[in-house]
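The values are calculated or read from the model by the stated rules, or taken from the named source; none is laboratory data. Model, not experiment: these values are computed from the prediction. Here Cβ is always computed from backbone atoms with ideal geometry, including for glycine, and neighbour counts include all displayed protein chains.
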Amino acid sequence: MAATVASRPPPERPFNALTWKNERMASPVRNPQDLDRNLALDLVRVTEAAAMAAGRWVGRGDKEGGDGAAVDAMRRLINSVPMKGVVVIGEGEKDNAPMLFNGEEVGDGTGPEVDVAVDPIDGTTLMSKGMPNALAVLAVAERGTMFDPSAVFYMEKLAVGPDCADVIDIDAGVVENLRRIAKVKRSSISDVTVCILDRPRHADLIKEVRGTGARIQFISDGDIAGSISAARETSDVDVLMGIGGTPEGIVSACALKCMGGAIQTKLWPRDAAEREKALAAGHDLDRVLATDELVRGDNMFFCATGVTSGDLLRGVRYRSGGAYTQSIVMRSKSGTIRVIDSFHRLEKLALYSSVNFDGGPLEV
């Protein structure tokens, strides 16, 4: 009579360090539309190229020349990035300057479908005069998540860091917002520093801020850097207030979302014609557009490279045989913020790059 053999369960896999490591490293199936974390370095290369191209124009008094060099470099490099991008926020139309235009398709045609916001130089005047805080800027988010401002080129802004993100209200007025910010920071209003663009349109705002005893740090251009400064713990700035460009406001929203800060805005038509255009496009000019209205979701990248040195980043520095750059790249999904210092051997880049980093006309 044949013996009956009891079935045995398969032996358990021994749990050891190697097993744990392999299980941890097993990658989940990725959605091809997900923004890969490695996209960050490709995007930084784009802003580095724009900054180095514009860096040759620093202090030369030619805004259009420097902006054109940055736009050309950004366009050439961005088309090598693995993404199917559409420029939603382009710079140039407002300034009547060279542009990466709205609706332009960018990227190499592979990878995720994304909205792209560009500002080849945030602070063209700063660049042309050799003043601090000019940046080359790029933001990328999932397709359909960035706000479309249509033809309204300016907006009223209120931007703060993570500690004050839940207390601001752009409709509450200057005094009330400064009171709330001071309360969160456990200080008096006179300890609060407000960043404001130095423009004639801000005369009433400046008077109101000064009336509270708060301090003011004026910037002559480049309010993306101002918004980021308001969100940095180590910055001297506590809040950004005032009217600035709509493209810069949406790019700032991407950065602030990565940093945990907040921005509230309201569209600000410059004249009756622009107002009519905005209303015809369906915009509610009384509506408060907060961070999540300006850029939806939580999967985006922001990166910037310094053109001129400032509070946020060091500018491009040229040395024999190369150039140094400093960049910041942020990812909202992970909350990671990286500062990248790079040295570029320009003679090596010249062998395969189509970008001209010498400041003269391109060789044909």
Just to be sure before I move on: is Asp148 under 17 Å from the mean Cα position of the chain (by Cα), over 22 Å from Leu39 (Cβ atoms), modelled with pLDDT under 95 and not assigned by TED's automatic domain parsing to the domain that holds His202 in the structure I sent? yes
Please state which one of Val316, Val251, Val355 is within 17 Å of Ile224 (Cα to Cα) and either crowded, with 18+ Cβ neighbours inside 10 Å or out of contact with any strand residue (DSSP E or B) (no Cβ under 8 Å at 6 or more places or on another chain) (or both). Val251
Residues (over 21 Å from Arg199 (Cβ atoms) and assigned to a loop (DSSP other than H, G, I, E, B)) located in segment 150-176: Ser150, Gly161, Ala165, Asp166, Val167, Ile168, Asp169
Tell me, yes or no, whether segment 329-342 has at least one residue that is touching a residue at least 24 places away in the same chain (Cβ under 8 Å), farther than 28 Å from Ala141 by Cα, assigned by TED's automatic domain parsing to the domain that holds Ala139 and surrounded by fewer than 20 Cβ atoms within 10 Å (Cβ to Cβ). no
Among the candidates Leu289, Leu285, Leu279, which residue alone is without any contact (Cβ under 8 Å) to a residue 60 or more places away in the chain, over 25 Å from Ser128 (Cα atoms) and either in contact with a strand residue (DSSP E or B) (Cβ under 6 Å, 6 or more places away or on another chain) or surrounded by 20 or more Cβ atoms within 10 Å (Cβ to Cβ) (or both)? Leu285
Has segment 234-244 got any residue that is out of contact with any Pro (no Cβ under 8 Å at 6 or more places or on another chain), within 22 Å of Phe147 (Cβ to Cβ), modelled with pLDDT of 95 or more and not aliphatic (A, V, I, L, M)? yes
Restricted to segment 167-190 and to residues being charged (D, E, K, R) and within 15 Å of Ala230 (Cβ to Cβ), the residue surrounded by the fewest Cβ atoms within 10 Å (Cβ to Cβ) is Lys185
Count of residues meeting criterion [without any contact (Cβ under 8 Å) to a residue 24 or more places away in the chain and among the small types (Gly, Ala, Ser)] in segment 134-172: 1
Considering only segment 247-267, I want to know if a residue exists there that is at pLDDT below 95 and farther than 17 Å from Ala304 by Cα. no
Name the helices (runs of 4 or more DSSP H) wholly inside segment 1-98 in which the number of residues that are within 30 Å of Gln326 (Cβ to Cβ) and at pLDDT 55 or above is 2 or more. 39-55, 63-78
When (1) touching a helix residue (DSSP H, G or I) at 6+ places or on another chain (Cβ under 8 Å); (2) at negative phi; (3) without any contact (Cβ under 8 Å) to a residue 40 or more places away in the chain are applied to Gly213, the one that fails is (2)
Select from segment 311-327 the residues that are touching a residue at least 60 places away in the same chain (Cβ under 8 Å) and under 16 Å from the mean Cα position of the chain (by Cα) and list them in ascending order. Asp311, Leu312, Leu313, Ser327
Taking the conditions exactly as written (under 18 Å from the mean Cα position of the chain (by Cα) and either in a helix (DSSP H, G or I) or not assigned by TED's automatic domain parsing to the domain that holds Arg317 (or both)), does Ala136 satisfy them or not? no
Determine whether segment 100-123 contains at least one residue that is in contact with a Lys or Arg (Cβ under 8 Å, 6 or more places away or on another chain), outside the structural domain of Asp236 (by TED's automatic domain parsing), touching a residue at least 24 places away in the same chain (Cβ under 8 Å) and of a type in the set (S, T, N, Q). yes
Within segment 240-259, count every residue that is among the β-branched types (Val, Ile, Thr) and closer than 15 Å to Ala290 by Cβ. 2
